[in-house]
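This report refers to the structure that appears directly beneath it.
The values are calculated or read from the model by the stated rules, or taken from the named source; none is laboratory data. Small disclaimer: the values here were computed from a predicted structure and weren't measured. Methodologically, a virtual Cβ is constructed for each residue, glycine included, from the backbone with ideal geometry; neighbour enumeration extends over all protein chains shown. Heads up: the accessible areas ignore ligands, DNA and RNA and are worked out on the full protein's heavy atoms, side chains in. Shrake-Rupley method; radii C 1.70, N 1.55, O 1.52, S 1.80 Å.
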Amino acid sequence: MAKETPGTPEQQQTPDNPVRQIVDFLGSMQLGIILLLILAVVSIYATLTPYETVIDNVYHTWWFLGIMGFASLNLLLCTVERIGPLKRQALNPNRVMKADTIRKMQVSRAFNMKHDENAEYDPLDIAASAFNANGLKVSVEEGPEGTTIFGERGKYGYFGSIVTHLSLLLILLGAMYGGLTGFEARNGGWAGGNFFVQEGNFRVDIHDVTMVQEDDPTVRPRVYTDMTVSRGGSPIYEGTVAINEPARFEGTTIYHSTFMYLPIISVRNLETGEEQSDLYFEGDRVAIDDQGNYIQIMQFFPNFSMRPDGTPVNVNYDPQRPVTAGILVENGQRSGSVFMQINEPEIIETAAGEIEVMMTDFDVAAVFSIAKNLGRPWLFIGSVLMVVGLYMSFFLFPRRFYAVYDEKKSQLLIGGRGYRNRLGIEQVMERIETEIQDREEE
């Protein structure tokens, strides 16, 4: 773009300031659309990708945060550029109109009326009354060519796009802030255990895990976990975590994600008497000798049963018949299935002698999702502002009406203009026309 320099014999083209050109590009609608399309494509990809993978490989990457940064800058520049013109358009309208201008308006009507000084009402009074009856804020303006009746409504609808832009800006900035300062982690444990969250530099000690069965045993039971969160030996949170009852501190939230049963399995060499016992998760291996033979824990069934075809099934969550199912692996090959019931030993023949494997009890472990997102309040404020902005854009339709009396033609002229809603202006004009016709008939 170039600007003309007036007052010279020849028109000279002077280029814009380079800084201004850069600002215009960064605030252009074209760049904004491109950035939003890129964000949309990346978001679709992220939706189809496992959550744990996308957190580190997308949402916390420099390039994704960079795209959001440029999109935020584009929205900011675009918003700042539009505030001035919209402010003038909304708050400083032209309140005086000529008769010829009104005739050329978006919607206009002409009413033949003689201006009789002895009449109870003059035409402009009738117009003002009709404007008031349709909810317009009326003012009487004096101009060089006479009096204009000005009525308007919904002027704040002009700012709907600005509020919507600001809401998107807050959402983008909140997402960036959360991406830079936040983290997502998953961990858990059982009563007496603990775990350390490296990202937040705090330790979680689990004091007790309590399971409360529902009246219907087929419904997942509620699990309550008493815990203490500490940093450097000093507690920063103490309380109970359950479904819909998370722990919140320092912008961090610990949610109860799920629970799992942990079988307690003992392994004893019947010849030597050596014995060891431990808690096991699904997927863990229970070593039965020093030759590499083991039992792979597959699943814990609180209330074990068998289908007619021999497939194991869990009846419900009520632990009436707990069974741990596993696969016996010997010499690197699967040699059979194992179903361990409480205090019912399984004897396995090995090169080292007979090995007794037995589930002696089970425990309950709670699994947590730990998240920190300091941008969440800004996301909430941005979402609320977006609702307000969309309401202002689509329900607060700015409308302005003008009325003047043409002495030469003995006509009351009424014209209206709208912002994005011609149909609404026509409907208001029809009601104004009806009001004026009813007043004339009186």
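Applying the Karplus relation 6.51 cos²θ - 1.76 cosθ + 1.60 with θ = phi - 60° to region 189-204 yields 3J(HN,Hα) values of x, 10, 4, x, x, 7, 8, 10, 9, 4, 5, x, 6, 9, 10, 10 Hz, where x marks Gly and Pro. Rounding to the nearest 10 and keeping the result within 0 to 90°, find how far the Cα-based axis of helix 422-441 lies from the longest principal axis of the chain. Long axis of 422-441 versus the principal axis of the chain: about 40 degrees. With angles folded into 0 to 90 degrees, how steeply does helix 123-133 sit against the dominant principal axis of the chain? Use alpha carbons for both and round to 10. Around 10 degrees separate the two axes.
Among the listed pairs K87/K137; K104/K137; K87/K408; K114/K155; K114/K137; K98/K155, a Cα-Cα separation exceeding 30 Å is found for K87/K408; K114/K155. Rounding to the nearest 10 and keeping the result within 0 to 90°, find how far the Cα-based axis of helix 29-47 lies from the longest principal axis of the chain. Taking the Cα atoms of the chain, the angle to 29-47 is about 20 degrees.
Between S230 and T47, residue separation times 0.36 nm minus the direct Cα-Cα distance comes to 62.4 nm.
What order do V23, V80 take when sorted by accessible area (1.4 Å probe), most exposed first? Before the final figure, lay out the partial values.
Working: V23 55, V80 90 Å².
The residues order as V80, V23, largest area first.
Extension gain for D438 to L423 (0.36 nm times residue separation, less C-alpha to C-alpha distance): 3.1 nm. I'd like the accessible area for H207, computed on protein heavy atoms only with a 1.4 Å probe and all protein chains in place. Round to 10 Å², please. Rounded to the nearest 10, that gives 110 Å². Simple rule: put +1 on each Lys or Arg Cβ and -1 on each Asp or Glu Cβ in the chain, find the dipole, and look at A351, I370, G382; the Cα lying farthest toward the positive end is G382.
What accessible area per residue, rounded to a whole number of Å², is obtained for the chain using a probe radius of 1.4 Å?
Ligands and nucleic acids excluded, the result is 57 Å² per residue.
Between region 343-405 and region 413-442, the alpha-carbon centres lie 52 Å apart. Rounded to the nearest Hz, the phi-derived 3J(HN,Hα) couplings of region 157-173 under the Karplus curve 6.51 cos²θ - 1.76 cosθ + 1.60 (θ = phi - 60°) are x, 4, 8, x, 5, 5, 5, 5, 4, 5, 5, 4, 5, 5, 5, 5, 5, where x marks glycine and proline.
With one equal scatterer per alpha carbon and no solvent term, the Debye-computed log10 I(q)/I(0) for region 50-178 at 0.18, 0.19 1/Å reads -1.05, -1.12.
Per-residue SASA remark: Y255, around 80 Å² accessible (1.4 Å probe; ligands, DNA and RNA not included). Charging the Cβ of each Asp and Glu at -1 and of each Lys and Arg at +1, and nothing else, the dipole of region 56-111 about its Cα centre rounds to 720 debye. A 1.4 Å probe, protein heavy atoms only, puts the accessible area of M298 near 100 Å².
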